[in-house]
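Please read the structure below before turning to the comments.
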Amino acid sequence: MIRADFSVHLRPSYLLLAGSDQGGIILFSQWLSSLRKSSLIRPFMLIGLLWLAAPSVLFAQASAPRQISGVVTDQTGATIVGAEVDCDSGCSSAKLTTDDRGGFVVSQLSSDSGVVKISAAGFQARTLDWRAGTHLKVVLLPASAAEQVTVTANRTGVRAVESATSVTILSAQDLQTTAAFRTDDILRQVPGFSLFRRTTSRAANPTTQGVSLRGLGASGASRALVLSDGFPLNDPFGGWVYWDRMPRVSIGSIEVASGGASHLYGSDALGGVINIIRAPVDRNAISLEAAYGNEDSPDLSLAASRSMGPWAIGLTSELFRTDGYIGVPSDLRGTVDTPVNSQDASGDLTVRSKLGDNGSIFVRGSLFGESRHNGTPLQTNSTTIRELDLGGNWDGHELGLFALHAYASRQSLNQSFSSIAANRNTENLTRTQKVPAQQVGFSAQWQHALGTRQQVVAGLEEANTHGQTNEQGFFGGHPTSTSEGGGREVNWGAYFEDIIRVTPTWMLTASGRVDHWHNFDAFAPPNPAQAVGAVSLPDRSETFFSPRLALLHKLTSNVSLTASGYRAFRAPTLNELYRGFRAGNVFTEFNPNLRAERLTGAEGGAIVTGWDQRVMLRGNFFWNQITRPVANVTLTTTPNLITRQRQNLGSTRSQGVELEASGRLSNSVTLSGGYEYTDATVTSFTINPALAGLNPSLVGLDVPQIPRHQFTFQASYSRPFVLLGVQGRFGGNQFDDDQNTLLLRRYFVLDATASHSLRHGVELFVAVENLTNRRYDVGRTPVLTVGPPILARAGLRLQFGAR
């Protein structure tokens with residue numbers, strides 16, 4: 001937990017938010033009072049207020065010439081030639097178009113500020129404020145889903161309709177029209193996205209926030225890689241994800257590429273990749289969202305950036321706290337049941353510099369902290385993460401485009417576990433854990449176009465992780481034992497991809513990657529069931545080749561067929577190898593003998609566009625077979641305790657169909673939705689001879705935490721001063737255990753949001769999650785826990801400059 005020895009006093013209880021010529025005064029006395037309750041977020045609150053209090057530093061333009069200039073690009077950074085620039089106030093030259101480098105200059109200004117509109121065929125128009133002497137960097141988003149570009153599916157910019165990989169892109173508009181404000185809740189719009197149990201990250205223990213795509217099996221460890229602009233967000237020790245690390249208003253878009261992706265991304269991408277793309281910092285802009293919700297839930301999210309010649313600086317921060325809710329239904333509660341609550345704070349500072357006209361470098365430092373109460377007085381956890389990111393790119397033209405990333409992180413997780421009496425009226429501390437971990441890694445990539453029909457990509461990556469768990473056992477409130485477990489992992493990989501446009505109607509993509517996983521300096525208690533002491537363990541390593549071959553054929557200008565086959569793998573995490581845990585009255589043992597999971601998969605489908613590219617439909621059949629999947633296998637069951645252990649099963653199979661549709665029906669109305677049917681079952685199961693008789697065969701049973709049916713839809717309506725959005729999601733029945741005895745019933749949740757623009761860049765909004773107040777099942781441990789009640793938030797959004 002992050003603490004500070006100072007407090008913030010504001011008097012009077014008004015906050016002046018400056019970001020335009022006139023600014024605005026917003027009454028937030030209740031919000032500030034609640035926000036100041038948390039010592040965790042005071043340092044971040046002070047940073048945010050100091051940043052907001054210095055608009056003159058951000059936007060001052062001393063001795064500025066009486067002209068404006070700019071460059072117009074798409075979301076991949078490619079310049080847009082011929083874009084229309086319409087200056088409707090303060091300009092003598094009203095209209096012009098961008099040159100062959102995407103640039104424009106408006107001179108002979110008659111005022112010091114005004115508004116400019118940028119538009120281009122196939123893109124959404126942008127309206128921006130300008131000041132004399134500024135250089136605008138304008139990013140235009142696609143006008144339709146068919147025009148969207150993905151950089152995640154192939155590690156290079158490819159139009160979504162020309163990618164054989166199934167990709168879902170959540171644009172800036174999608175993010176603005178959703179009521180959800182946590183990244184994991186936003187991603188629930190994507191069919192096939194699931195976490196270990198259904199709990200939102202506002203309330204869930206972070207070690208249960210592993211992500212799965214296409215029914216490969218959710219657990220604490222993710223079976224999909226989560227990135228932020230190419231930097232990994234998966235926890236280096238356990239593979240789960242801290243979804244609250246990324247400030248909401250700093251997110252520009254999110255791309256979800258489903259299907260095995262180890263051919264480009266290595267071990268963590270067994271089931272796909274989620275890439276959270278930040279808004280660029282090389283522009284003068286400020287975005288702020290401040291809101292207050294029921295359950296005493298204030299939140300503040302800030303992103304500000306400033307461009308100064310070749311230099312650019314960006315600051316983001318987010319603060320949140322909530323008193324939470326009691327997760328156990330009223331008819332099952334006891335006196336030990338208390339609200340599940342949390343508070344968190346995150347912030348980062350980015351400095352970027354151009355290297356001539358062809359390159360740039362940047363450095364980013366970030367800090368994150370959170371603290372949680374997990375439903376009873378003795379079950380708590382807290383986390384701190386510090387990270388430093390470095391990167392650069394250089395366009396060598398005929399030599400290709402080069403990119404280099406490096407990162408280092410250090411973190412600590414503190415957690416406590418307890419046993420609860422059957423009547424839920426007494427609780428006893430059973431163990432505490434301190435889990436320090438650190439990771440250092442780098443990636444280098446080269447891409448080059450060979451003529452007009454071929455694009456090649458190649459790269460190297462390495463990640464070095466060191467972590468351990470230090471445990472203290474308790475009985476009757478007194479410490480009884482100590483134990484340690486942990487080790488080191490080194491993962492390195494080399495990949496190559498060749499994208500060939502064989503003919504105007506045929507596109508072939510061939511790729512492959514070699515990975516080597518090495519586990520060494522490992523130690524753990526000799527008996528996982530009685531974690532006492534530690535012994536050294538032998539070194540282990542595995543090498544794996546992950547190929548992928550994909551084909552796209554355009555039958556007509558509006559219909560394309562896709563097919564692909566691939567292999568992928570996932571190495572066990574240090575958490576699965578050396579750390580046990582307890583959830584309710586379920587204890588799960590570690591297993592230092594786990595081997596890597598291996599996947600073989602195939603998929604095929606069609607992409608259909610229509611109505612002048614405003615509508616896009618995508619359908620896929622998929623089949624995935626995992627050998628040696630890591631699962632939590634039940635060993636014994638008693639009235640007071642269920643004991644499980646992580647084991648490599650024989651194999652599981654996930655097969656099904658996914659359908660997605662999106663369309664812009666008019667300039668005001670957009671609709672999208674998706675459906676996924678997943679048949680995820682255990683196809684073979686090897687019983688440990690030492691456990692014979694305790695462990696029935698699991699063959700034919702459903703993979704835990706995977707529903708057979710998922711359905712989502714989104715609708716938005718926008719006018720110059722009004723924006724309305726509605727989202728709904730349905731999840732079918734699923735099981736919380738390997739033996740399919742703990743059922744989580746199907747559910748449906750409806751969210752809605754509405755906003756009203758007071759003037760350009762200033763709007764009020766209301767967002768409601770779980771509009772029907774449905775308390776749906778989220779877990780059985782084995783006591784039933786339910787999801788959050790209705791959460792209503794109201795607040796203010798400010799957005800100025802070129803965002």
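Among the residues of region 505-556, those that are part of a strand (DSSP E or B), within 30 Å of LEU641 (Cα to Cα) and open to solvent by 20 Å² or more (accessible area, probe 1.4 Å) comprise PHE523, GLY533, VAL535, SER536. If you go through region 476-499 and keep only what is in contact (Cβ under 8 Å) with a residue 24 or more places away in the chain, open to solvent by 50 Å² or more (accessible area, probe 1.4 Å), of a type outside the set (Asp, Glu) and part of a strand (DSSP E or B), you end up with THR482, ARG488, TRP492, PHE496. Exactly one residue out of VAL657, VAL608 is outside any loop (DSSP other than H, G, I, E, B), open to solvent by 40 Å² or more (accessible area, probe 1.4 Å), among the β-branched types (Val, Ile, Thr) and more than 28 Å from SER541 (Cα to Cα), and it is VAL608.
Please verify whether GLU398 is among the charged types (D, E, K, R) and free of Cβ contacts under 8 Å to residues at least 60 places away in the same chain, treating the condition exactly as stated. Spelling it out, GLU398 is indeed among the charged types (D, E, K, R) and free of Cβ contacts under 8 Å to residues at least 60 places away in the same chain.
If you check ASN632, ASN640 for being touching a residue at least 60 places away in the same chain (Cβ under 8 Å), of a type outside the set (Ser, Thr, Tyr) and part of a strand (DSSP E or B), only one passes: ASN632.
All of ARG628, ARG646 fail the test of being open to solvent by less than 40 Å² (accessible area, probe 1.4 Å), basic (Lys, Arg) and within 30 Å of PRO528 (Cα to Cα), apart from ARG646. Of all residues in region 770-791, exactly one satisfies the criterion of being among the hydroxyl-bearing types (Ser, Thr, Tyr) and crowded, with 21+ Cβ neighbours inside 10 Å, namely THR785. Inside region 727-749, residues that are surrounded by fewer than 19 Cβ atoms within 10 Å (Cβ to Cβ) and outside any loop (DSSP other than H, G, I, E, B) make up a count of 4.
Okay, residues lined up against (1) within 11 Å of the chain's Cα centre (by Cα); (2) open to solvent by less than 10 Å² (accessible area, probe 1.4 Å); (3) modelled with pLDDT of 95 or more:
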| residue | (1), (2), (3) |
| --- | --- |
| PHE231 | no, yes, yes |
| PRO236 | no, no, no |
| VAL241 | yes, yes, no |
| ARG245 | yes, no, no |
| GLY252 | no, no, no |
| SER262 | no, yes, yes |
| ILE274 | yes, yes, yes |
| PRO280 | no, no, no |
| ALA285 | no, yes, no |
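Residues of region 401-431 that are touching a Ser or Thr at 6+ places or on another chain (Cβ under 6 Å) and of a type in the set (S, T, N, Q): SER412, ASN414, SER416, SER418, SER419, ASN425, ASN428, THR430. Annotation note: of ALA767, ALA794, the sole residue that is out of contact with any helix residue (DSSP H, G or I) (no Cβ under 8 Å at 6 or more places or on another chain), of a type outside the set (D, E, K, R), more than 16 Å from ALA203 (Cβ to Cβ) and surrounded by fewer than 19 Cβ atoms within 10 Å (Cβ to Cβ) is ALA794.
Within region 374-387, the presence of at least one residue that is free of Cβ contacts under 8 Å to residues at least 40 places away in the same chain and either β-branched (Val, Ile, Thr) or open to solvent by 30 Å² or more (accessible area, probe 1.4 Å) (or both) is confirmed. Summed over region 169-184, residues that are under 13 Å from the mean Cα position of the chain (by Cα) and among the polar types (S, T, N, Q) total 1. If you go through region 204-218 and keep only what is in a loop (DSSP other than H, G, I, E, B) and surrounded by fewer than 24 Cβ atoms within 10 Å (Cβ to Cβ), you end up with just ASN205.
Give the number of residues within region 401-430 that are within 20 Å of GLY467 (Cβ to Cβ) and either within 26 Å of the chain's Cα centre (by Cα) or open to solvent by 40 Å² or more (accessible area, probe 1.4 Å) (or both).
Start the filter on region 401-430 by keeping residues that are within 20 Å of GLY467 (Cβ to Cβ), which leaves 406-417.
If we keep only those that are either within 26 Å of the chain's Cα centre (by Cα) or open to solvent by 40 Å² or more (accessible area, probe 1.4 Å) (or both) as well, we get 406-415.
Qualifying residue count for the region: 10.
Starting from region 329-357, keep only residues that are closer than 19 Å to THR183 by Cβ and of a type in the set (A, V, I, L, M, F, W, C), then list their pairs with residues that are in a loop (DSSP other than H, G, I, E, B) and open to solvent by 80 Å² or more (accessible area, probe 1.4 Å) whose Cβ atoms are within a distance under 9 Å, requiring at least 6 positions of separation or different chains. Hits for this filter: zero, empty list.
Report the residue count in region 772-794 for those that are more than 25 Å from the chain's Cα centre (by Cα) and of a type in the set (A, V, I, L, M). Total satisfying the criteria: 2. Among the residues of region 431-438, is there at least one that is modelled with pLDDT under 95, among the hydroxyl-bearing types (Ser, Thr, Tyr) and either under 23 Å from PRO232 (Cα atoms) or open to solvent by 30 Å² or more (accessible area, probe 1.4 Å) (or both)? Within region 431-438, one or more residues are modelled with pLDDT under 95, among the hydroxyl-bearing types (Ser, Thr, Tyr) and either under 23 Å from PRO232 (Cα atoms) or open to solvent by 30 Å² or more (accessible area, probe 1.4 Å) (or both). Just to verify a result, which residue in region 307-324, among those that are hydrophobic (A, V, I, L, M, F, W, C) and out of contact with any helix residue (DSSP H, G or I) (no Cβ under 8 Å at 6 or more places or on another chain), is most open to solvent (accessible area, probe 1.4 Å)? Checking each candidate, the answer is TRP311.
The values are calculated or read from the model by the stated rules, or taken from the named source; none is laboratory data. Since the model is a prediction, treat every value here as computed from it, not as a measurement. We place every Cβ from the backbone using ideal geometry, glycine too, and count neighbours over all the protein chains shown. Just the protein is used for accessible areas: all its heavy atoms, side chains included, with ligands, DNA and RNA removed. Shrake-Rupley method; radii C 1.70, N 1.55, O 1.52, S 1.80 Å.
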